[in-house]
1. So what are the ³J(HN,Hα) numbers for segment 82-96, from phi and the Karplus equation (6.51, -1.76, 1.60; θ = phi - 60°), rounded to whole Hz, Gly and Pro as x?
2. Please list, by residue number, every one of the chymotrypsin sites (Phe, Trp or Tyr not before Pro) in segment 78-161 that is coil in DSSP and has at most 13 other beta-carbon atoms within 10 Å.
3. Rank Trp111, Ser127, Pro47 by how far each Cα sits towards the positive end of the charge dipole of the chain (+1 on Lys, Arg Cβ; -1 on Asp, Glu Cβ) and give me just the farthest.
4. Treating the beta-carbon of each Lys and Arg as +1 and of each Asp and Glu as -1, no other charges, what is the dipole magnitude of the chain about its Cα centre, to the nearest 20 debye?
5. In percent, what relative contact order does the chain have, based on Cα pairs under 8 Å that are 6 or more apart in sequence?
6. Considering the values [x] 0.96; [y] 0.94; [z] 1.55, which represents Rg/Rh (Cα atoms, Kirkwood Rh) as calculated for the structure under consideration?
7. So how do Val177, Val122 line up by other beta-carbon neighbours within 10 Å, fewest first?
8. Quick check on the exposure proxy: order Ser76, Ser146 from fewest to most C-beta atoms within 10 angstrom.
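What follows is calculated from the coordinates using simple rules that are stated; it is not laboratory data. Small disclaimer: the values here were computed from a predicted structure and weren't measured. We place every Cβ from the backbone using ideal geometry, glycine too, and count neighbours over all the protein chains shown.
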Amino acid sequence: MNSPKIITAVYQLQYYLSVTAQPSNAPTPLGGNGWYNAGNAATLIIPDQTINETSGSRLAFNGWNVDGATNQTGSSLSLMMDAAHTAVAQYTQQYYLTVQSPQGVTSGQGWYNAGSNAQLSVTTPASPSFGVNIVFNGWQGSIQSSTQSTTVLMNGPMSVVATWRTDYTGLYATIAVIIAIIAVGVWTTFRRERNRKTST
């Protein structure tokens, strides 16, 4: 103390950023929890838009929730630290629907949010030959249904297969008609021939 001194203690105002992810098994965003100087920007980044869990199951990023309100949907979030904030990276559970068929054209295969109803269908294939039809026999697998267009509740990975049967009714009917025509022709010819012999 060789002269008068003035000492001032200087404090920096800081705010805390709490970062979580929902559901609980989703990855925590990069940037994480911590204290930030007032007025600085905190940057958070999700590792991926989709997180594969198991075959047919994934988490899809659905956006950021800041202080209880939806903020934005991009993979990164820049947050001005003008107060304490809570940021939540929200993911949606999704399941994959596999739709297969040896005949026709299917629709509906893809990813769906858990708990949603997926619409699936299959077209009827063209007849392979005259009098022969391919008839839809029902869906097998994760659901059983007898209609070509149906819905499935996506409460897990789903896989369905369309089954078919071959219908020969038209062919058999055509053959029966031909046989009947031939029989009538033979009988008519026989009658004419007998009448001709009788008249002579």
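1. Along segment 82-96, the couplings run 9, 6, 5, 10, 10, 10, 10, 7, 9, 10, 10, 6, 10, 10, 9 Hz.
2. Those that pass, being in a loop and sparsely packed, are Phe130.
3. Ser127
4. 1460
5. 16
6. Computed from these coordinates, Rg/Rh (Cα atoms, Kirkwood Rh) corresponds to label [z].
7. In order of increasing Cβ crowding within 10 Å: Val177, Val122.
8. Ranking Ser76, Ser146 by Cβ neighbours within 10 Å, fewest first, gives Ser146, Ser76.
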